[in-house]
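To start, the structure itself, in structure tokens.
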Amino acid sequence: MKPNKEQILEILKTICFENQKTDIVSSNSVLNVLVFEKEIVIDLKTNNPSLQAKNKIKSQILNSINFKYNNEFNLKVNFILKKEIPKTILNSTKKLDNINNIIAISSGKGGVGKSTVTANLAVSLSKMGFNVGILDADIYGPSIPLMFNVFESKPLAVNIDGKSKMKPVESFGIKILSIGFFTKLDQAVIWRGPMASKALNQMIFDAAWGELDFLLIDLPPGTGDIHLSIMQSLPISGAVVVSTPQNVALIDARKGVSMFNQENINVPVLGIIENMSYFTPLELPDNKYYLFGKEGAKNLSKDLEIPFLGEIPLIQGIRESGDYGRPAALQDETIVESVFNDITKNMLSELLNRNNKLPETEVIKITTMSGCSAVK
């Protein structure tokens with residue numbers, strides 16, 4: 001029997017901290033449950049930092065999981081010392097309690113495939129079992145509706161607790177809001193910064209997103225008013241920078257990283273993704289042609305001392321899938337699916353590592369080796 005999130009939570013409901021009558025799930029001590037292909041990660045908050053207390057609760061969890069699955073899986077337990085894990089790293093005047101993580105996807109330069117990366121990361125996260133939404137914040141060039149074949153759709157108005165809210169459009173299990181839903185394909189959006197920021201705030205705070213594990217924000221290229229508005233009004237968990245390998249794109253990618261590191265923004269950069277890294281012809285599967293330069297983004301990540309999340313080859317199918325409104329990562333057992341799956345896992349690992357570096361939280365991280373698909 002392969003474990004899933006619900007089964008793990010049922011096991012955890014039988015476990016209590018010492019001198020407590022409420023189980024660790026009902027007491028909201030279980031902060032996170034992740035099931036990957038070969039591991040399960042459980043984040044557990046505790047107010048007792050003693051080694052004896054941690055070993056006792058760890059033993060209870062391991063014994064219960066082993067008993068349930070007849071010692072089929074090799075269990076590994078890691079402790080991460082903190083006092084309390086916030087949902088996000090950046091403090092904000094407005095909170096989104098129903099959204100656990102907000103990831104900003106950015107590029108210093110236009111045309112490097114930022115929206116394509118956003119769409120496929122969202123699909124990869126969804127296939128892992130996460131609840132995912134996309135906010136298309138590229139006000140002047142929204143392309144997410146086309147990439148999900150919903151450019152003719154309109155968000156509906158729903159009543160939530162007596163307030164009228166926008167219901168995001170759904171496609172392939174992804175919830176989407178974009179300014180593209182409110183404009184015609186051939187209509188230019190000619191707005192000043194404050195007007196664009198107001199529209200984005202409405203799509204964020206006046207939307208019925210429901211419960212989301214991840215909200216991906218497809219930012220406009222460059223750095224400007226919209227970036228500053230979003231970074232300062234939302235609790236961003238981390239940012240991902242997309243670039244191609246050539247120098248003209250890397251110069252702008254460096255500026256994008258610098259923007260997130262500004263004191264008045266202070267958003268951790270989870271890493272850089274290199275798009276259009278190389279081209280491999282079908283008739284020469286062992287050959288790689290570096291049309292835009294070799295490993296430019298990887299070298300930039302080393303120079304800036306930030307993680308390199310992965311490279312995406314130049315594949316015609318990725319472009320065609322975006323044009324037809326069906327992101328390429330939906331294709332099972334393909335190179336594209338594998339590439340985006342690996343990049344998504346690297347992004348998740350960096351997100352966990354960044355959170356784990358935050359001070360003042362006590363967490364138990366439990367890793368179980370298994371053979372199941374990813375579930376959040």
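The numbers here are math on the coordinates, done by the rules we state, and not lab data. In this text, all values refer to a predicted model and were calculated from it rather than measured experimentally. Positions of Cβ are generated from backbone atoms using ideal geometry, with glycine treated the same way; all protein chains shown enter the neighbour counts.
So the values come out like this:
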read-out: Residue order, fewest to most surrounding Cβ atoms within 10 angstrom, among 228, 270; value: 228, 270
read-out: Order of 56, 109 under a 10 Å beta carbon neighbour criterion, fewest first; value: 56, 109
read-out: Test item: Cα-centred dipole of the range 99-356, Lys/Arg +1 and Asp/Glu -1 on Cβ, debye; value: 580
read-out: The range 273-342, relative contact order in percent, only Cα pairs under 8 angstrom and at least six apart counted; value: 31
read-out: Efficiency of FRET from Cβ geometry, residue 331 and residue 13, R₀ 45 Å, rounded to 0.05; value: 0.75
read-out: Mean Cβ count within 10 Å, highest first, over the residues of peptides 235-246, 333-344, 160-171; value: 235-246, 333-344, 160-171
read-out: Counting DSSP beta bridges with both ends in the range 99-356, the antiparallel % (nearest 5); value: 25
read-out: Protection proxy ranking of 145-151, 283-289 - average other beta-carbon atoms within 10 Å, highest first; value: 145-151, 283-289
